[in-house]
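The values are calculated or read from the model by the stated rules, or taken from the named source; none is laboratory data. The shown structure was predicted, so the numbers you read here are calculated from the model rather than taken from an experiment. In this analysis, Cβ positions are derived from the backbone assuming ideal geometry, glycine residues included, and neighbour counts consider all displayed protein chains. Areas reflect the complete protein model, heavy atoms only, side chains present, ligands, DNA and RNA absent. Shrake-Rupley method; radii C 1.70, N 1.55, O 1.52, S 1.80 Å.
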Amino acid sequence: MFFKGTPTRGVGAVARETRAAGGYLNASTSYDRTEYYVVLPARNLAAALDIQADALQRSVLDADELARELQVIIQEARRKRDTAGAVAYETLHELMYDAHRMRRWRIGHEAQLAGFTRDDLAGYYASRYVPARTIVAIVGDVDEEEALALGRRMYGGWPAADGAVDRSPAEPERRDVRARTLRGDVAQAELVVGWRTVPPLDPDAIPLEVAAAVLGAGRGSWLYRRLRDSGTVTSIAAHSYAPTEVGTFTVAAEVEPEQVDAALAGIAAEVARLGADGPAAEDLERAVSLLRARWARRLEPMEGRASALATAEALGDVALLDREYAAISSVTPDAVRAAAARWLDPGAVSAVVYLPEGRGTDLAAGRVAGIFAAPGAVTPDVPAPPPVAARPSRTVTASDRFGVRVAALDGADILVRRKPGVPLVTLGIYVPRIEPDPPELAGLGALAVRSAARGAVGADGASLAFAFELLGGTLAPAAGADSAGLGVSLLAERLGDAAALLRLVFTEPRFDPHAVEAERRALINEAEQAADDMFRYPFQLAYSAAFGERSYGVPVGGIPHTLRAITLADIRRWHERSLTGLRSAVIAVGDVDPARAADALAGVFHDLPLRAAPPRAAPLDWIVPPGATAERAVTRDRAQTAFAMAFPGPARRDPARYAAEVWAAVASGLGGRLFDALREQRSLAYTVLASAWQRARAGALVTYIATAPEREEEARAAMLTELEIFAAERVSEGELAQAIEYLAGQSEVERQSGAAVAGEILDAWLLGEGLEETDDPAAAFRAVTAEEVRTVAAASLGGGRRAEGVIRGGRPAD
């Protein structure tokens, strides 16, 4: 309702004016705070403050708009109920806490939401949305005094009021083991184990955060090496989370239902080991390096830095961020051990498992207690460092193109861009994917790249992971539809060491059969679990309907039967032909000197074999005939129906792609035409979007909506009606101007992180027309006309040729 208007701004004006200023706005509600944020070019700060200050102080909370918005929020609540991981986490909180409000379903239940009145909301707004309870953080390329003066002008007249202080009931002390089992229409089990711990300012808060990193952050963590490397779980992670009054420590895993006990036993053993022995010096160094990099990464985007500053101020003062960094850097092994022993008590553990119907055994508290009371023995080990010798820098001939330092080696191009702000660098080596996987071996590239990260000559997967994480980063294999490679984001001072490790993995992977099999199992599990995703899976179904069982029609990660067909020989041939057999791009973006960084990278990669520039990938046509519709649908036990529509559109190198992106900006997002027509006016859904899907070999205009099952046909008809208008009529000059300003502003905003800039360079270099695309991306949008948008819409949306992917809610027929 914050976005629904003020006395001087009608419904939708807040969103439209923000987009017209080149920005996006959103909000999030956590356990202890609500955040509203706008990110836009700094030159438009005054406009953003005017909009936000007006909404914050003068929201009208119209009763009719509230009735419509409640229907939308009910759809959001249903969507959350269809997300197994979210249900498992919040059920764990309910299980762990008897009195504290942390136990409550955060978004509310449908019957409760439906009963809210304007008086309920107005009373909350009047007592909570007051100056004494509000922190405004402004971060970016601004003059501090001018920004403060603007803030005073916008908020200075806000009348003071006593805000409600409504602390949660205190949680009574207790010590027992608890367990709960949920069942539903899911492919794999979701296992969540947790303990109640301490609030954020407690002296044990930082040691517990480090404990979580030792146990479950990165491939070198204890739990990953024990349970993910062995294939016991598909994924595993540990987190320490402390919202103001309380704290929780959780371990979450995706696991086959029959492996739940094995996963619990592994978690119990490693937690017991941490409380008894603490981390070795090398384990602590790895965890601290990762947390230092995470601390910096949180401050890289402007909304992340603003949120961090506001959170610190709410807890005391902004200097808390510096104290947090110092505490992470100086934590001792004994402090981590003592905190783990004190709070990760085997007699006070809670566990929730979300199982597929008909598989696995219900989780009983007695069984959990027995596993944690008698954990198995663990033999501590610290992986040996890989045999990688430092390579001296090599002076290389280079040129500066559009802000990027470029050097051409025999087998690779080096591209370096400086991005100051945080002490990080994003580094990667990538090649274009000229040919898709053979249909019968779909997932081959993904399996090869991911298996490469599991070991190289002289180093197994644990050794490699540990080495990268000591540098502050986690090795990330990347196998997309149009490119493949390896990347890492790490502390900038370790660039040379990371480059030497990256070369080793890229050129000399071991492809150990056991490691390959473990990665194959993980990909199969992920492919099976993808069907549970109410957002991604409809798109997967739509692309399958559009392209068939080939190229973009098959998930990059493959499907179970094709993954099982891939042999070790297939993997080795793919690596030789499609990775090291192509000219690669080595990209580094971060707080580095470009000339020195290029020389350092040349010292590592100068002797790669000579490779010519690769050819461009051939275009890929749709299998759907002109004028026809193809649908691929599944029925699941879900509270919502979600469907994606795809229409043929411009590919990555098509000049019309800019008009397609302008169309998407007019159609989608807060204030967009589809958002207004389907969500705001009809309350059909919480999530409605449109996008220009652009790949090297094909493109599409795509839409998505998730709605109540009984309203599927209404939603489809309404969507198609709006799309037909785009095909028949030009967008208005106001819509065009707003969309262009939004895209122009976002082309600046999207460059906030080194990883995003590296991705932009990679895309332009391997898939686009070169680095000139990065010089002024806004110019291409500003050149788009209303007629060009209509032409693209008519060609894509007006021919009746479409592919649909549908997950239909409701119980499947027997």
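What relative contact order, as a whole-number percentage, does the chain give when Cα pairs under 8 Å and 6 or more residues apart are counted? Display every interim value, and only then the final one.
On the way: 1677 pairs, mean separation 124.0, N = 814.
The value is 15 percent.
Starting from 0.36 nm per residue, how many nanometres of slack lie between ARG577 and VAL634 once their C-alpha separation is accounted for?
On the way: separation 57, 0.36 × 57 = 20.52 nm, distance 3.72 nm.
Once the chain is fully extended between ARG577 and VAL634, it gains 16.8 nm.
Roughly how many nanometres apart are two label points built 7 Å out from the Cα toward the Cβ at ALA314 and GLU357?
4.0
Kindly identify segment 173-234 as rounded, prolate or oblate by the Cα gyration tensor criterion: order the square roots of the eigenvalues as a ≥ b ≥ c, call it rounded if a/c is under 1.5, otherwise compare a/b with b/c, prolate if a/b is larger, else oblate.
Values: a/c = 2.67, a/b = 1.21, b/c = 2.20.
Verdict is oblate for segment 173-234.
Roll a 1.4 angstrom probe over the protein heavy atoms and tell me the percent of accessible area of segment 767-809 that is carbon or sulfur.
Details: 780 of 1590 Å².
Percent of accessible area from carbon and sulfur atoms in segment 767-809: 49.
What does the accessible area of SER732 come to, in Å² to the nearest 10, when a probe of 1.4 Å is used?
60
Can you tell me the FRET efficiency between ALA794 and ASN26 if r is taken as the Cβ-Cβ distance and R0 is 41 Å, rounded to the nearest 0.05? Working shown, then result.
On the way: r = 32 Å, r/R0 = 0.78.
Result of the calculation: an efficiency of 0.80.
Return the Rg/Rh ratio of segment 453-546 with Cα-based radii and a Kirkwood Rh. Please list the in-between numbers first.
Numbers: Rg = 16.2 Å, Rh = 15.2 Å.
Using only Cα positions, Rg/Rh for segment 453-546 is 1.06.
Out of the trypsin sites (Lys or Arg not before Pro) in segment 305-379, which ones are loop residues according to DSSP with at most 15 other C-beta atoms within 10 Å? Present the calculation step by step, with values, prior to reporting the outcome.
Working: sites: ARG305, ARG323, ARG337, ARG342, ARG359, ARG367; in loops: ARG359.
Filter output for segment 305-379: ARG359.
Could you work out the relative contact order of segment 191-334? I mean the mean sequence separation of Cα pairs under 8 Å and 6+ apart, divided by the number of residues, in percent. Display every interim value, and only then the final one.
Numbers: 194 pairs, mean separation 36.6, N = 144.
Rounded, it is 25 percent for segment 191-334.
So what's the gap between the Cα centers of segment 307-379 and segment 444-476, to the nearest angstrom?
Comparing the Cα centres of segment 307-379 and segment 444-476, I get a distance of 26 Å.
How many angstrom lie between the C-alpha centres of segment 92-134 and segment 142-165?
Distance between centres, Cα-based: 26 Å.
Taking all protein chains together and a probe of 1.4 Å, list PHE116, PHE511 from the most accessible to the least accessible.
Largest accessible area first, the list is PHE116, PHE511.
Three principal axis extents, largest first, for the C-alpha atoms of segment 761-814, in Å?
57, 31, 16
Please state, as a whole number in µm²/s, the translational diffusion coefficient that the Stokes-Einstein equation yields for segment 714-814 at 10 °C and 1.306 mPa s, with Rh defined as the Kirkwood radius across alpha carbon pairs.
Working: Rh = 16.8 Å.
The Stokes-Einstein estimate is 95 µm²/s.
Report, for the chain, the % of DSSP beta bridges that are antiparallel, rounded to 5.
Details: 77 of 98 bridges.
Of all bridge pairs located within the chain, approximately 80 percent are antiparallel.
How much of ILE135 can a 1.4 Å solvent probe reach, expressed as accessible area in Å² and rounded to 10?
80
If you stretched the chain out fully between GLU173 and ARG536, how much longer would it get, using 0.36 nm times the residue separation minus the C-alpha to C-alpha distance? Can you show the working numbers first?
Details: separation 363, 0.36 × 363 = 130.68 nm, distance 4.23 nm.
Difference between extended and current length: 126.5 nm.
Please compute the modelled spin-label separation between ARG294 and ASP570, points set 7 Å along Cα→Cβ, answer in nm with one decimal.
Reported label-point gap for ASP570 and ARG294 is 3.6 nm.
Taking only the C-alpha atoms, wrap a convex hull around the chain and report its volume per residue in Å³ as a whole number.
On the way: hull volume 130.7 nm³, N = 814.
So the per-residue hull volume is 161 Å³.
First measure r as the distance between the Cβ atoms of ALA717 and VAL378, then evaluate 1/(1 + (r/R0)^6) with R0 = 56 Å and state the FRET efficiency to the nearest 0.05.
Working: r = 60 Å, r/R0 = 1.06.
Here the calculated transfer efficiency is 0.40.
Provide the packing ranking of 11-23, 566-578, 610-622, i.e. peptides ordered by the mean count of other C-beta atoms within 10 Å per residue, highest first.
On the way: 11-23: 21.8, 566-578: 16.1, 610-622: 13.2.
By packing density, highest mean first, the sequence is 11-23, 566-578, 610-622.
Over the C-alpha atoms of segment 434-487, what are the Rg and the largest Cα-to-Cα span, Dmax, in Å?
12.9, 39
May I ask you to derive the relative contact order of segment 335-433, considering only C-alpha pairs under 8 Å and at least 6 residues apart, and to give it as an integer percent? Working shown, then result.
Details: 38 pairs, mean separation 12.3, N = 99.
Dividing the mean separation by the residue count of segment 335-433 yields 12 percent.
According to the Cα gyration tensor, what semi-axes, each the square root of 5 times an eigenvalue, does the equivalent ellipsoid of segment 677-728 have, listed from largest to smallest in whole Å?
Working: eigenvalues 103, 35, 18 Å².
In descending order the semi-axes read 23, 13, 9 Å.
Using a basic spin-label model with each label point 7 Å from the Cα along Cα→Cβ, how many nm lie between ALA46 and THR117?
Result for the modelled spin labels: 4.4 nm.
Rounded to the nearest 500, what is the 222 nm mean residue ellipticity of the chain from helices alone, with -39500 (n - 2.57) per DSSP H run of 4+ residues and division by all residues?
Numbers: 28 runs with 334 residues, N = 814.
Computed mean residue ellipticity for the chain: -12500 deg cm²/dmol.
Extension gain ALA618-ARG106, at 0.36 nm per residue separation less the Cα-Cα distance, in nm?
Values: separation 512, 0.36 × 512 = 184.32 nm, distance 4.88 nm.
Difference between extended and current length: 179.4 nm.
Using the beta-carbon distance between ARG782 and ASP400 and R0 = 45 Å, what value does 1/(1 + (r/R0)^6) give for FRET efficiency, to the nearest 0.05?
On the way: r = 25 Å, r/R0 = 0.57.
Here the calculated transfer efficiency is 0.95.
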